[in-house]
Structures are given as C-alpha cells and as structure tokens.
C-alpha cells in the first residue's frame with residue numbers, strides 16, 4: 001500500500017444504525033403498507049361509524065352532534081325491540097344446531113367410512129356456493145306456489161293447502177334458521193374435522209384399552225382435544241351470524257311484519273331514507289356484544305399461542 | 001440486494017407509486033363522462049340507452065362510461081357514492097329521491113336546461129311539470145324528466161268474463177267482488193297485490209287515500225293517519241286477506257313478487273308499471289291475449305292514479321356539467337325516445353313524445369299514456385314533500401296492514417302505532 005493511499009484512507013464513520021436496528025426498520029417498512037391499509041379500511045370506518053351515530057347526519061351533510069338521541073329514539077321503536085329479540089333467537093338457534101351438526105358430522109367423517117374423501121368434498125358444497133345463489137334457491141324451495149317443499153308435502157298428503165313458510169309469523173324465523181344452518185354448517189364440520197385429526201391416536205387406543213366405549217372416548221378424548229377450536233369457531237361464527245344480512249334480506253326482507261327483523265336489515269332500512277346517523281346507531285348498538293366476543297377470541301388465541 | 005440500496009429504492013418507489021396513484025384517476029377521467037342510467041326490466045331499452053349515450057360521446061369526442069344501476073338499488077348506490085365522493089356526471093333518479101337529494105344540495109339546478117328541452121319538444125306534460133316544479137324545490141328544477149310512470153291494473157279477462165265481469169272494475173270494492181268470484185286457491189289468488197316492504201307495497205297508500213284517508217294534513221306538517229277513513233280501508237283490505245284473496249307470500253314479496261305470480265298464471269289482478277306485459281308478449285302470448293288493462297279503481301272518496309316521473313340529474317360534484325347537460329339534451333331526442341319507449345315501460349313526459357307509435361299500438365302503453373295525461377301527480381291528495389317520501393320509503397302503510405294480518409293487532413292498535421311512527425317522521429322536517 002502506498003503512502004498516498006494510506007494518507008487518503010478515511011476511517012469509516014460509525015454506522016448510524018447497527019444491523020439489528022436496520023433489520024427492524026426494514027421490517028417496519030415492509031409491514032407499513034398493511035398497517036396503513038388496516039388503519040384506512042378497518043379502523044377509520046369503525047371510528048367513523050361510531051362518530052356519526054351521535055349525529056343527525058343525513059347522506060351528503062355533516063350533521064350536528066345530538067348525543068345519545070339516536071340511541072334513545074331507537075329503544076322506543078318496535079322494530080328495534082323486535083330486532084333484538086329476533087337476533088338473539090336466530091343466533092342462538094343457528095349456533096346450537098350448527099354445533100351439534102358440526103360435531104356429529106365431523107366425528108362421522110373422521111371414521112374410516114367408505115368414500116370418505118367424497119363425503120368430505122360434498123359437505124363443502126353449501127359453503128362454496130355464493131350466498132346470493134344459495135338463499136334465492138331456498139326461497140324458491142319455500143315458495144308456496146310451485147315451491148318444492150309444498151309440492152312434496154301436498155303429494156305425500158301431509159298437508160292439504162299450501163304452507164306459507166316465509167310469510168307466516170310462526171314459520172318465517174324457523175325457515176330462515178334452516179336455510180342459514182344449511183349454508184353455514186360446513187365451516188364447522190371442516191374446522192372440527194381438522195381439529196379431530198390432530199388428537200393423538202394413542203389416546204383413543206389407551207382409552208379403548210381402559211374399556212371406554214365410543215361415547216366415552218368422544219366425551220373424554222375428542223372433546224377435550226378440540227375444545228379450543230370449538231370455542232373459537234363458535235365465537236367467530238356467532239359474530240358472522242349476527243352480522244349476516246343476505247339470509248334474512250333475500251328470504252323475507254325482515255318480514256312478515258317484524259317477524260325476522262334483525263340488526264343488519266334494520267340498519268339497511270335506515271339507509272333507505274338517507275339517515276346514516278340513525279342507521280349507524282343501529283349497527284353500533286351491537287358493538288358492546290361484539291367487543292366482548294372479540295376479546296374472548298383474542299384472549300383464547302393468545303393462550304393457544 | 002444490499003440493504004442500503006433497499007433503503008434508497010423504497011422511498012423512490014413509494015413516491016413513484018403515490019404519484020401514479022394520484023395522477024391515474026385524473027388521466028383516466030379527464031375525457032370521460034360518467035352516466036349512471038336507470039336499469040329497467042327491458043334489455044332492449046337498456047341497450048338502446050347505452051348505445052345512444054355512447055353515440056353522443058363518439059360524436060363529441062368524449063368517452064362516455066355508462067353504468068346501468070338497478071332502480072331498486074339507486075338509493076344505496078347513490079348514497080354510498082355521495083359519501084365516498086364518487087358521484088357520476090349524470091344520474092337517473094326517481095322523483096322522490098331527487099327531492100331528498102336536492103334538499104341536501106347534492107344536485108345542480110337545471111332551470112335553463114329544463115326550459116330549453118321543454119321548448120324543443122313541444123312542452124312538458126302537466127303531470128311531469130308539476131312533479132319537478134313543486135314548491136318543495138324552492139323555485140328550481142333539479143331533474144329533467146325522461147318519462148312518467150305508474151301502475152296500471154292488469155286483469156285476467158279469461159277468468160272474469162265467464163264469471164260475468166266483462167268490464168274493468170270501477171271501484172276497489174267492485175274489484176273485491178270480482179276477485180271473490182274468480183278466487184280459486186291454490187290455482188289462482190285473485191288479489192295479487194304486494195303487502196310487503198317494497199315499493200309495490202305502497203299501492204296500499206294509494207288505496208288508503210282513495211278511501212279518503214290522509215297521511216298528513218293540508219300543510220304537510222302533521223300526520224293524520226288516525227281517521228275513520230283509514231279504519232274503513234283497513235277493514236276492507238284485512239277482510240279480503242282473511243278471505244284468502246291475497247296469495248301466500250304477499251307479505252314478504254320482493255319487487256318481482258306480483259310479476260312472478262301473474263306470469264305463472266296464478267293471479268287474477270295485479271297493479272304493475274307494465275313490465276309484466278313485456279314478458280307475456282315474448283313468453284306467453286296466450287296469457288297476454290287473456291289480459292286486459294285499466295286505470296286503478298276509485299275508492300269510496302275518490303280515484304287516485306298516482307303518476308310519478310323519472311329524471312336525469314347532474315350531481316353538484318360533477319366537473320363536466322356542460323357536457324352532462326348536452327348529453328341530457330341528446331337523450332331527449334324525439335326519435336330516440338320513441339324507440340326507447342317502444343320497449344320500455346314508461347309513459348311520456350314531453351308533448352312530442354305523446355305521438356310515439358307504441359302508445360297507440362299497445363294497450364298497456366295506452367294506459368301509461370292515459371296515466372301521464374290524467375293521473376294524479378305525486379302524493380295527491382297529500383302534500384308531496386320529503387316527509388311523505390320518507391314515510392313511503394319506510395313502507396308504513398303496508399307495514400300497518402302486516403301488523404293486523406300477520407301479528408293479529410287490532411285495527412285501532414295498528415293505526416295508533418303507525419300514526420306515532422308517521423308523526424316521528426314528520427316531526428324531523430319541522
């Protein structure tokens with residue numbers, strides 16, 4: 001090395017960031033688009049909805065802050081009272097049936113039955129079908145004039161006149177529940193099935209050696225093994241069902257009268273008259289319920305981690 | 001890649017992306033006029049409208065983007081667009097929705113354009129004129145009518161004539177008698193009128209008014225549903241329901257419920273704007289021949305045949321208002337409109353369009369012309385205002401009927417409940 005070269009050598013300036021810090025910054029940069037998307041698409045609309053529920057905002061105007069007036073007015077409305085009642089009934093019934101059906105079918109499909117792969121694929125069909133198509137099909141099946149169910153019932157001699165499944169107060173809600181269960185149960189079956197397959201086979205063998213019958217094995221081995229999945233699936237599905245709009249809207253539009261009026265449908269009607277402040281209040285009034293459910297899911301998932 | 005290079009490139013890419021994103025819409029929309037046309041139950045009419053709008057674009061060197069919006073979804077689509085700031089340059093609207101939007105200062109006043117188009121096409125029909133120039137608009141015109149619409153009564157003459165009823169019913173009560181004579185469930189449910197929460201269900205408001213009932217007082221400020229006339233109407237309609245004249249499902253029908261019932265041959269009477277006739281002519285000529293058309297019957301107090309209008313408006317946010325006005329003028333052309341009406345289900349709004357051949361060739365179009373010339377505009381005898389429009393969009397009259405026939409409420413209780421809900425709406429506008 002020449003003398004000049006040595007003289008021209010500048011000692012390297014200490015790095016502004018060490019390697020770990022640089023890695024962190026790069027990491028933050030990489031996730032920042034996602035964080036921005038979440039802030040814009042999830043957090044902002046969420047806060048915005050809460051904010052406008054306290055205003056008399058109409059589409060196209062900013063509206064004035066009116067405190068809890070929208071909420072107070074809501075509680076006086078028969079529609080709102082009906083939607084609370086109906087939402088509780090609908091969600092409870094749908095979730096209970098889906099739980100039973102999901103556990104039963106998952107257990108069945110977890111056995112060495114003939115054509116197991118075929119049945120597993122078939123069970124996914126309702127879930128894979130677009131909701132719009134599924135519920136319009138159910139509407140046609142329920143139709144009093146020309147509907148398949150009425151055709152079968154009349155031809156079997158079980159009824160003499162058309163059964164009005166969707167427009168009779170007593171039958172409308174059960175009809176919506178049946179269609180919703182049909183559309184949603186595959187998610188439960190597949191989730192439970194996946195969980196069941198992760199339960200160690202040795203546990204079943206040990207239980208069998210100890211003399212446990214199938215029911216006891218299910219109760220003492222399968223259920224404890226999949227309980228986390230059952231809980232998480234139940235909670236997520238409860239949130240989805242409570243927010244579900246297509247089933248009720250496409251089958252009954254919330255009617256007859258208020259027999260199937262639920263929160264999402266009521267909020268949609270609120271938008272018809274452009275009063276988005278009132279419509280937001282309907283949606284936001286469910287927020288405490290969802291917050292509790294979401295918290296339970298989050299804690300559960302954290303524990304699982 | 002070296003990390004320092006990544007740090008240099010990332011900000012550059014970000015700036016570049018942001019630049020492209022901010023300029024892209026401007027570049028794409030600079031020469032584009034966006035038109036949200038009203039989608040109706042006639043593919044030919046929809047196609048004709050799209051072609052005509054694009055033809056104007058070609059002649060004027062403007063890219064016209066036509067999006068056909070289902071008229072049942074206009075409120076949701078436009079509301080979302082207003083909030084998102086993505087309104088088009090021209091939009092087809094129903095008259096009541098135009099009223100709500102003009103109250104929110106979302107539309108441009110089109111007084112000169114209205115006068116110019118009227119003058120160029122023989123003048124506006126009084127029905128269309130009164131609907132867009134009422135006091136509610138504060139002396140301005142916010143929408144250019146391109147058609148009038150309303151319900152025509154369809155009846156199954158092949159069933160009614162043998163039963164001794166060759167003529168159209170003069171009154172609703174007479175219609176009830178005729179319906180009882182031909183009712184044959186489950187084959188035919190004679191009174192196939194919607195009682196559900198859809199626009200068709202608001203026919204019950206027309207019935208209520210023809211019984212002498214009123215939604216609000218003469219000033220349009222306070223609700224007056226609670227009346228003996230309302231009770232008389234409710235007694236009539238709920239008796240008909242109890243007698244099985246209404247089809248099962250009428251309380252939850254969607255907007256196509258009456259169409260489907262009539263097209264399947266299982267309805268005696270329906271009130272429809274005319275789309276059913278288009279279907280029958282193409283798919284069931286026998287049933288089309290067996291169908292006769294007339295105006296809605298009178299009630300004990302008066303005959304109400306509501307006529308409304310569909311309009312073209314220019315949103316206040318449009319940056320191309322002059323182009324938009326030119327397009328609206330172009331679409332009002334006499335020859336094009338005659339072609340459009342031949343497959344659409346509308347009556348005329350302009351004097352020149354009365355002469356369109358379809359109004360003398362088709363019975364249902366003749367009914368629509370009659371409605372345009374002699375119908376009762378808007379909310380008559382009630383005041384056509386935003387409160388009445390909100391009453392209708394909340395479907396309070398069909399819901400009042402549902403409370404009785406579905407929930408078993410007494411007529412008095414249903415009336416009291418509806419009166420309270422209605423007053424809440426009118427109070428918002430005081």
Which numbered condition trips up residue B:365, out of (1) at pLDDT 90 or above; (2) within 24 Å of residue B:123 (Cα to Cα); (3) out of contact with any strand residue (DSSP E or B) (no Cβ under 6 Å at 6 or more places or on another chain)? (1)
Would you confirm whether any residue within the range B:221-234 is within 19 Å of residue B:193 (Cβ to Cβ), surrounded by 23 or more Cβ atoms within 10 Å (Cβ to Cβ), in contact with a strand residue (DSSP E or B) (Cβ under 6 Å, 6 or more places away or on another chain) and at pLDDT 95 or above? no
Of B:111, B:129, B:140, which residue is out of contact with any strand residue (DSSP E or B) (no Cβ under 6 Å at 6 or more places or on another chain) and under 18 Å from residue B:346 (Cβ atoms)? B:129
I'd like to check something: does the range B:247-261 contain any residue that is under 20 Å from residue B:408 (Cβ atoms), assigned by TED's automatic domain parsing to the domain that holds residue B:172 and at pLDDT 95 or above? no
Of the listed residues (A:201, A:183), the one being away from chain B (no Cβ under 14 Å) and more than 24 Å from residue A:133 (Cβ to Cβ) is A:201
For the range B:179-192, enumerate the residues that are buried (at least 21 other Cβ atoms within 10 Å of the Cβ) and within 14 Å of another protein chain (Cβ to nearest Cβ). B:189, B:190, B:192
I'd like the full set of residues that are surrounded by fewer than 23 Cβ atoms within 10 Å (Cβ to Cβ), more than 9 Å from every other protein chain (Cβ to nearest Cβ) and in a loop (DSSP other than H, G, I, E, B), limited to the range B:383-408. B:383, B:384
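Is it true that residue B:93 is in contact (Cβ under 8 Å) with a residue 40 or more places away in the chain and in a helix (DSSP H, G or I)?
No, not satisfied.
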I'm trying to understand the selection: among the residues of the range A:45-91, which are touching a helix residue (DSSP H, G or I) at 6+ places or on another chain (Cβ under 6 Å) and not in a helix (DSSP H, G or I)? A:53, A:55, A:56, A:57, A:59, A:60, A:63
Being at pLDDT 90 or above, within 14 Å of chain B (Cβ to nearest Cβ) and closer than 28 Å to residue A:283 by Cα, is that true of even one residue in the range A:138-160? yes
Filter the range A:119-145 for residues that are in a loop (DSSP other than H, G, I, E, B) and touching a helix residue (DSSP H, G or I) at 6+ places or on another chain (Cβ under 8 Å); which is surrounded by the most Cβ atoms within 10 Å (Cβ to Cβ)? A:144
In the range B:414-430, the residues that are in a helix (DSSP H, G or I) and either away from every other protein chain (no Cβ under 11 Å) or crowded, with 21+ Cβ neighbours inside 10 Å (or both): B:414, B:415, B:416, B:418, B:419, B:422, B:423, B:425, B:426
Are there any helices (runs of 4 or more DSSP H) wholly within the range B:241-291 with 3 or more residues that are crowded, with 23+ Cβ neighbours inside 10 Å, and if so which? B:257-263
Suppose the filter is within 26 Å of the chain's Cα centre (by Cα) and either free of Cβ contacts under 8 Å to residues at least 60 places away in the same chain or surrounded by fewer than 23 Cβ atoms within 10 Å (Cβ to Cβ) (or both); does residue B:147 pass it? no
Please count how many residues of the range B:84-108 are within 13 Å of chain A (Cβ to nearest Cβ) and under 14 Å from the mean Cα position of the chain (by Cα). 6
Sort through A:259, A:247 and tell me the only one that's surrounded by 20 or more Cβ atoms within 10 Å (Cβ to Cβ), at pLDDT 90 or above, assigned to a loop (DSSP other than H, G, I, E, B) and within 14 Å of another protein chain (Cβ to nearest Cβ). A:259
Subset of the range B:38-56 [at pLDDT below 95 and in contact with a strand residue (DSSP E or B) (Cβ under 7 Å, 6 or more places away or on another chain)]: B:38, B:39, B:46
Of A:10, A:21, the only residue that is modelled with pLDDT under 85 and exposed (fewer than 10 other Cβ atoms within 10 Å of the Cβ) is A:10
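The values are calculated or read from the model by the stated rules, or taken from the named source; none is laboratory data. Note that the structure is a prediction, hence the values are computed from the model and not measured. Ideal geometry is used to build each Cβ from the backbone, glycine not excepted, and the neighbour counts take in all protein chains shown.
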